[in-house]
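The values are calculated or read from the model by the stated rules, or taken from the named source; none is laboratory data. Since the structure is predicted, the reported quantities are computational estimates derived from the model, not experimental observations. Every residue, glycine among them, receives a Cβ derived from its backbone with ideal geometry; neighbour counts consider all protein chains shown. Each accessible area value is taken on the protein alone, full model and side chains, heavy atoms only, with ligands, DNA and RNA left out. Shrake-Rupley method; radii C 1.70, N 1.55, O 1.52, S 1.80 Å.
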There are 4 protein chains.
Amino acid sequence: MKLSGVIPPVCTPRGADGALDRASLSRLCHHLVDDGVSGLFVGGSSGETALLDASTRLAALDVAVEAAAGRVPVLYGVIETGTARVLEAARPAAAHGAAAIVATVPFYVAPHPAEILAHFEALAGGELPVVAYDIPSATHVRLEPAVSIALAREGYAIGLKDSSGDLAGMRSVVNAVRDLPFSVLTGSETMADIALDLGADGIVPGLGNVDPAGYVRLYSAARAGDRVAAAAEQARLTKLFGIVDVADRTRIGFTAGALGAFKEALAYQGWIDSPSMWPPLGALDDVEKKAVRELVAQASGRGGGLG
Amino acid sequence: MKLSGVIPPVCTPRGADGALDRASLSRLCHHLVDDGVSGLFVGGSSGETALLDASTRLAALDVAVEAAAGRVPVLYGVIETGTARVLEAARPAAAHGAAAIVATVPFYVAPHPAEILAHFEALAGGELPVVAYDIPSATHVRLEPAVSIALAREGYAIGLKDSSGDLAGMRSVVNAVRDLPFSVLTGSETMADIALDLGADGIVPGLGNVDPAGYVRLYSAARAGDRVAAAAEQARLTKLFGIVDVADRTRIGFTAGALGAFKEALAYQGWIDSPSMWPPLGALDDVEKKAVRELVAQASGRGGGLG
Amino acid sequence: MKLSGVIPPVCTPRGADGALDRASLSRLCHHLVDDGVSGLFVGGSSGETALLDASTRLAALDVAVEAAAGRVPVLYGVIETGTARVLEAARPAAAHGAAAIVATVPFYVAPHPAEILAHFEALAGGELPVVAYDIPSATHVRLEPAVSIALAREGYAIGLKDSSGDLAGMRSVVNAVRDLPFSVLTGSETMADIALDLGADGIVPGLGNVDPAGYVRLYSAARAGDRVAAAAEQARLTKLFGIVDVADRTRIGFTAGALGAFKEALAYQGWIDSPSMWPPLGALDDVEKKAVRELVAQASGRGGGLG
Amino acid sequence: MKLSGVIPPVCTPRGADGALDRASLSRLCHHLVDDGVSGLFVGGSSGETALLDASTRLAALDVAVEAAAGRVPVLYGVIETGTARVLEAARPAAAHGAAAIVATVPFYVAPHPAEILAHFEALAGGELPVVAYDIPSATHVRLEPAVSIALAREGYAIGLKDSSGDLAGMRSVVNAVRDLPFSVLTGSETMADIALDLGADGIVPGLGNVDPAGYVRLYSAARAGDRVAAAAEQARLTKLFGIVDVADRTRIGFTAGALGAFKEALAYQGWIDSPSMWPPLGALDDVEKKAVRELVAQASGRGGGLG
């Protein structure tokens, strides 16, 4: 399975009852697929998966699989601290329709690169193929490019989701795995055109929830070799990405501010019913919500706008 | 429930079959209680809990509860990234005999202090009382002293396990909660006498697996006001604590090196069958194991030694 | 030379003309010595030395030496990134009357412990004895306890100023250098009594500018073995230390907030003319200044108060 | 003054007498200019300037200015912790022939962005124009893109040397300063082609000491719009950059390993007499030197090689 295109890490709507809002999630997933994404990534950081219990996580997978209806693959994130926990969380994924799991390095336990390699070797024994997820801002452990390359060579993973912000490292991986069955996906919202230019196979932008059509246009332009069009679309999306910075960080955390902005934008567009966050994340206040809506409105107005 | 005394974070022995070695764990727990500890903490960092699946974690709890046989309370660590996950993991704990759960701040998601407070407020709604666990070396988020104090005042937690290394912060908590039903436990192996002197109620040392009698003597001396004896015992234990540094960190991670040393010491003493680590942690090599055994032998020889 | 007692890192008053306010500095130094300090440390972090040019740094030394008038030694901080720079900055210090220099590890250049040892070996070839200064919050490089111990054993330094916050590390140094001509000084404002209890020879608290008599009382009580009195004085000083947290950190940096509070307290007490900071540090605003003055007034009122 | 092209941060050769090896430095500077660089940057991190005293730093400037002989401008790095220190170190630079100074944010003192802006505002009052230098790996303080943009808008700096590794941030600066007299230079060795593609005006690669002709070819290709040729040259240089990783980091620090590799490569090529490092940095051992020479030999062999 070669992953490519735009694969948004899907937000997880929360209902007024504090449970998964299945209707909203279904609406969002349908919208994303309709707008041309190549896959859905359920259970990622943007999906607040670290804050969801097991049944909610699987329920979100079910909704996404049903909405995708075979049109695109659904990846399933298993954000767990260690090997046995990842294997346990991944176990039902195949039966629930996931095409692959996405797993980080072990965290909390400060692993050595050799231990990280052993971790993915063990995960490779599971039912589903594995995408390795490098997100040191969350795990505080880097999945070093050299280890990613080893994962590709050993066949322990089918791809890398690179949310490290280290484009030089991503480039070294891309160059090393060129002839291997290994996809490199960038998690960058603001350097997606460059990452594709450097050889990334696809993009997994949290902001892709808010503007999937924009990222699909960007991807298509990049693939067509139209770098000017890709950069122009990127510039528009980068401006829209300013929504993640509107929250007052003396009041709520960065995660709450960024993901809250995505959800507010989705609620404003009508794709989900409520921007409610999963506990214990705080909510944007009214001034911040207004700022998000204005940035979304501006992005829509210029050149085609949001899908 | 006021927690006090020595409450070791129990190691989790792994059998040759890759599963929990119940017999070894039972033997270890009996030994710890026989040597005078005041509680058992199952599911802590020293127990490699971040690397265990749910059934193994509960099985370890069962063994400890059975071994404790009501003589001492058993605390149950629920190391999970977010609120709903902690609540889910904690749910069966009461029925399995835990006296309280021990939970960290949310991690992976970079929470704001207000979100950390909301997290523990939600946990307080669970069946069991909660001990808040500050271990920023693992979570990369500090449970600030001001938040711990708020937990005590609001009644969201019955205690703090402080593995921050920040004795000044611990002191500020101790002073602020003096009249509240809130226990402060230090996780420090090398400053336990000082922490007790500053007003800590108890100690939760990983090295307490290896030398419970030593920590019990230290605790008793400190409580009796014999600071010279407490310091002398501390000095002996601090030297023994050198076992956590014998491993070559260019080969295995710090966690593997430290916890591997505890397990090697336990195997050497005969309390557990094997020093096997839970995947993906690496093992000490023979030279390192020998160095651990020598430090253990030295510590035993001098002044009463290991229990 | 064995260093002991209270050795405040002296603030550096700035005049309305933007130059060193010699009169204020002289007044402050006289006051500190009159109140019983055992030495003056000019050129430390609290003296904003990283923000002063060479002639201002030496002028401050001159003023302190003249004010000390041989009653107490004057230490001279040489905060420089590398070996040759430290040697260059230290060269005039002896002729200007300094008794020793205080030097950090190399910073900016990410040194290895072996390189840190070589650094201090080279400094030992200078005219004045060297106190090693461990302040990782500023240098972002730790002077590891093992290296401090090597400095003592090799005779490369006569002491350690420990501003690491790591009391366990300080304890290991104290224990290892017991029979060597090596002084251990803590930079902690809030754990000074404990550090002395653990065997530190002296204390170098920035807050000692504001309340020298309090720290002298604390030191005397600790030396007399009156731990209760020392702890009570410490508690009063810890409360006063709250002045470093009044500034709004979304507006000025932590250094500006903390050192600005010291200067505001000194100006309020009349020891210096102005709380002016050295560029580019920002100033407290009026509300923050008022909060500082209130905490100072409270500390004075209770039990003898500020000297 | 618009800065552009390749401006290597020149290494500082050390003689057998422990002083600046003027002849080697002159030879190196002549070689660099002969190979087509657009400027020389003396006093940068690659020049070990944090480890040089003032007279050595100025002597290096003198040698470079004489070697440049007006053919290219010479930039002068003033790596100092605070505003007054930068102004003091910069004062003689104009008379010694520097065209501009290069200054970092204040470090050691944890400045707020507003304080960083004030720092550069003060520096703008000096005789020479200022290039702001963002190198958080050394200063541990980020020069945020928003602050760089403010520097450009306020006219406090004529350019940015970006060694942050954050290409997304650099892109935001480039886009914001497009119509301002402000040059953006990347310090990246391995993403130079991409940085130029994104709109950077020039490159300041430490590896440019070792292979100036390669970077000049890369720059020319990028400017001519030949992205394939630029990428091919980049790939060759990235492979050569592997020399910074040959050193054993359990023995010497990263700075010593990387800059020692540059110097070994220069000595091997005959441009400088000795790879001697400035104290207290450690030296490569013979095995490591051999590994450096082999990588240099490989890079020379393929496609034109080192200039």
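Scan A:Pro145, A:Pro73, A:Pro92 and give me the residue that is out of contact with any helix residue (DSSP H, G or I) (no Cβ under 7 Å at 6 or more places or on another chain) and surrounded by fewer than 24 Cβ atoms within 10 Å (Cβ to Cβ). Break it down into steps so the answer makes sense when it comes.
Details: A:Pro145 fails: out of contact with any helix residue (DSSP H, G or I) (no Cβ under 7 Å at 6 or more places or on another chain); A:Pro92 fails: out of contact with any helix residue (DSSP H, G or I) (no Cβ under 7 Å at 6 or more places or on another chain).
Within the list A:Pro145, A:Pro73, A:Pro92, the selection yields A:Pro73.
So which residues in the stretch D:27-52 are surrounded by fewer than 19 Cβ atoms within 10 Å (Cβ to Cβ) and either on the phi > 0 side of the Ramachandran plot or touching a strand residue (DSSP E or B) at 6+ places or on another chain (Cβ under 6 Å) (or both)?
D:Gly36, the sole residue that qualifies.
Among the residues of the stretch C:193-225, which ones are within 14 Å of chain B (Cβ to nearest Cβ), of a type outside the set (A, V, I, L, M) and open to solvent by 20 Å² or more (accessible area, probe 1.4 Å)?
Within the stretch C:193-225, C:Asp197, C:Gly199, C:Gly225 qualify.
Do we have any residue at all in the stretch D:238-247 that's free of Cβ contacts under 8 Å to residues at least 12 places away in the same chain, surrounded by fewer than 23 Cβ atoms within 10 Å (Cβ to Cβ) and more than 14 Å from every other protein chain (Cβ to nearest Cβ)? Spell out the reasoning first.
So the first thing to find is which residues in the stretch D:238-247 are free of Cβ contacts under 8 Å to residues at least 12 places away in the same chain, and the list is none.
For the stretch D:238-247, residues free of Cβ contacts under 8 Å to residues at least 12 places away in the same chain, surrounded by fewer than 23 Cβ atoms within 10 Å (Cβ to Cβ) and more than 14 Å from every other protein chain (Cβ to nearest Cβ): absent.
From the residues in the stretch A:153-173 that are open to solvent by 10 Å² or more (accessible area, probe 1.4 Å) and part of a helix (DSSP H, G or I), which one is farthest from the other protein chains (Cβ to nearest Cβ)?
Going through the qualifying residues, I end up with A:Arg153.
Residues in the stretch D:70-82: is at least one more than 12 Å from every other protein chain (Cβ to nearest Cβ) and free of Cβ contacts under 8 Å to residues at least 12 places away in the same chain?
Yes; the residues of the stretch D:70-82 include at least one that is more than 12 Å from every other protein chain (Cβ to nearest Cβ) and free of Cβ contacts under 8 Å to residues at least 12 places away in the same chain.
Go through the stretch A:3-26 and give me each residue that's open to solvent by 10 Å² or more (accessible area, probe 1.4 Å) and under 15 Å from A:Arg71 (Cα atoms).
Listed by number, the residues that qualify are A:Ser4, A:Ser26.
Identify all residues within the stretch B:76-89 that are open to solvent by less than 10 Å² (accessible area, probe 1.4 Å) and touching a strand residue (DSSP E or B) at 6+ places or on another chain (Cβ under 8 Å); write none if there are none.
Hits for the stretch B:76-89 are B:Tyr76, B:Gly77, B:Val78, B:Ile79, B:Val86.
Do you know which residues across the stretch A:31-62 are in a loop (DSSP other than H, G, I, E, B) and under 23 Å from A:Asp201 (Cβ atoms)?
Of the stretch A:31-62, the ones in a loop (DSSP other than H, G, I, E, B) are A:35-39, A:43-44, A:48, A:52-53.
Within the stretch A:31-62, A:Asp35, A:Gly36, A:Val37, A:Ser38, A:Gly39, A:Gly43, A:Gly44 meet the criteria.
If B:Val296 satisfies all but one of (1) touching a residue at least 12 places away in the same chain (Cβ under 8 Å); (2) closer than 20 Å to A:Tyr108 by Cα; (3) among the hydrophobic types (A, V, I, L, M, F, W, C), what's the number of the condition it fails?
B:Val296 satisfies all of (1) touching a residue at least 12 places away in the same chain (Cβ under 8 Å); (2) closer than 20 Å to A:Tyr108 by Cα; (3) among the hydrophobic types (A, V, I, L, M, F, W, C) except (2).
Quick one: which of D:Asp193, D:Asp179 is under 22 Å from D:Ser45 (Cα atoms) and either out of contact with any Gly (no Cβ under 7 Å at 6 or more places or on another chain) or assigned to a helix (DSSP H, G or I) (or both)? Reasoning before the result, please.
Numbers: D:Asp179 fails: under 22 Å from D:Ser45 (Cα atoms).
That would be D:Asp193, the only listed residue that is under 22 Å from D:Ser45 (Cα atoms) and either out of contact with any Gly (no Cβ under 7 Å at 6 or more places or on another chain) or assigned to a helix (DSSP H, G or I) (or both).
Looking at A:Thr49, is it under 14 Å from the mean Cα position of the chain (by Cα) and either within 11 Å of chain B (Cβ to nearest Cβ) or among the hydroxyl-bearing types (Ser, Thr, Tyr) (or both)?
Values: under 14 Å from the mean Cα position of the chain (by Cα): yes; either within 11 Å of chain B (Cβ to nearest Cβ) or among the hydroxyl-bearing types (Ser, Thr, Tyr) (or both): yes.
Yes, satisfied.
Considering only residues that are closer than 20 Å to D:Trp278 by Cβ and out of contact with any Pro (no Cβ under 7 Å at 6 or more places or on another chain), which ones fall in the stretch C:117-139? Walk me through how you get there before you give the answer.
Of all residues in the stretch C:117-139, those closer than 20 Å to D:Trp278 by Cβ come to C:117-126, C:130, C:139.
Hits for the stretch C:117-139 are C:Leu117, C:Phe120, C:Glu121, C:Leu123, C:Ala124, C:Gly125, C:Gly126, C:Val130, C:Thr139.
Please go through (1) open to solvent by less than 10 Å² (accessible area, probe 1.4 Å); (2) out of contact with any strand residue (DSSP E or B) (no Cβ under 9 Å at 6 or more places or on another chain) for B:Thr190 and return the number of the only condition it doesn't satisfy.
Evaluating B:Thr190 over (1) open to solvent by less than 10 Å² (accessible area, probe 1.4 Å); (2) out of contact with any strand residue (DSSP E or B) (no Cβ under 9 Å at 6 or more places or on another chain) leaves (1) as the failure.
Quick check on the stretch A:105-143: of everything there that is in a loop (DSSP other than H, G, I, E, B) and aromatic (Phe, Trp, Tyr), which residue is farthest from the other protein chains (Cβ to nearest Cβ)? Explain how you work it out, then say what you get.
The initial filter retains those residues of the stretch A:105-143 that are in a loop (DSSP other than H, G, I, E, B), namely A:105-112, A:124-129, A:135, A:140-143.
Those still in the list that are aromatic (Phe, Trp, Tyr) too: A:107-108.
On the way: A:Phe107: 7, A:Tyr108: 4 Å.
Residue satisfying both the conditions and the ranking: A:Phe107.
Answer yes or no: is there a residue in the stretch D:53-64 that is of a type in the set (Asp, Glu), over 14 Å from the mean Cα position of the chain (by Cα), facing another protein chain (nearest Cβ under 9 Å) and buried (at least 24 other Cβ atoms within 10 Å of the Cβ).
So in the stretch D:53-64, the residues of a type in the set (Asp, Glu) come out as D:53, D:62.
From what's left, over 14 Å from the mean Cα position of the chain (by Cα): D:53, D:62.
If we keep only those that are facing another protein chain (nearest Cβ under 9 Å) too, we end up with D:53.
When the remaining residues are screened for being buried (at least 24 other Cβ atoms within 10 Å of the Cβ), the result is none.
Within the stretch D:53-64 (the criterion being of a type in the set (Asp, Glu), over 14 Å from the mean Cα position of the chain (by Cα), facing another protein chain (nearest Cβ under 9 Å) and buried (at least 24 other Cβ atoms within 10 Å of the Cβ)), the answer is no, since none of the residues qualifies.
Considering only residues that are under 18 Å from A:Leu20 (Cα atoms), away from every other protein chain (no Cβ under 14 Å) and hydrophobic (A, V, I, L, M, F, W, C), which ones fall in the stretch A:263-286? Walk me through it before giving the result.
Applying the first criterion (under 18 Å from A:Leu20 (Cα atoms)) to the stretch A:263-286 yields A:263-264, A:266-267, A:270-283.
Next cut, away from every other protein chain (no Cβ under 14 Å) only: A:263-264, A:266-267, A:270-275.
Across the stretch A:263-286, the qualifying residues are A:Leu266, A:Ala267, A:Trp271, A:Ile272.
Name the single residue, out of those in the stretch B:174-187 being of a type in the set (S, T, N, Q) and under 21 Å from B:Val105 (Cα atoms), that is surrounded by the fewest Cβ atoms within 10 Å (Cβ to Cβ). Walk me through it before giving the result.
The initial filter retains those residues of the stretch B:174-187 that are of a type in the set (S, T, N, Q), namely B:175, B:183, B:186.
Now narrow it down to the ones that are under 21 Å from B:Val105 (Cα atoms): B:183, B:186.
Details: B:Ser183: 22, B:Thr186: 26.
The qualifying residue surrounded by the fewest Cβ atoms within 10 Å (Cβ to Cβ) is B:Ser183.
Looking only at the stretch A:259-279, count how many residues are open to solvent by 10 Å² or more (accessible area, probe 1.4 Å) and touching a residue at least 12 places away in the same chain (Cβ under 8 Å).
Applying the first criterion (open to solvent by 10 Å² or more (accessible area, probe 1.4 Å)) to the stretch A:259-279 yields A:259, A:264, A:267-271, A:273-279.
Right, trim to touching a residue at least 12 places away in the same chain (Cβ under 8 Å) and you get A:259, A:264, A:268-269, A:271, A:273-279.
Final tally of qualifying residues: 12.
Would you be able to tell me the number of residues in the stretch C:158-184 that are of a type in the set (D, E, K, R) and under 23 Å from B:Met170 (Cα atoms)?
Total satisfying the criteria: 4.
Going by the structure shown, is D:Tyr133 over 29 Å from C:Ala258 (Cα atoms), surrounded by 20 or more Cβ atoms within 10 Å (Cβ to Cβ) and either more than 19 Å from the chain's Cα centre (by Cα) or not aliphatic (A, V, I, L, M) (or both)?
Details: over 29 Å from C:Ala258 (Cα atoms): no; surrounded by 20 or more Cβ atoms within 10 Å (Cβ to Cβ): yes; either more than 19 Å from the chain's Cα centre (by Cα) or not aliphatic (A, V, I, L, M) (or both): yes.
Taking the combined requirement at face value, the residue does not satisfy it.
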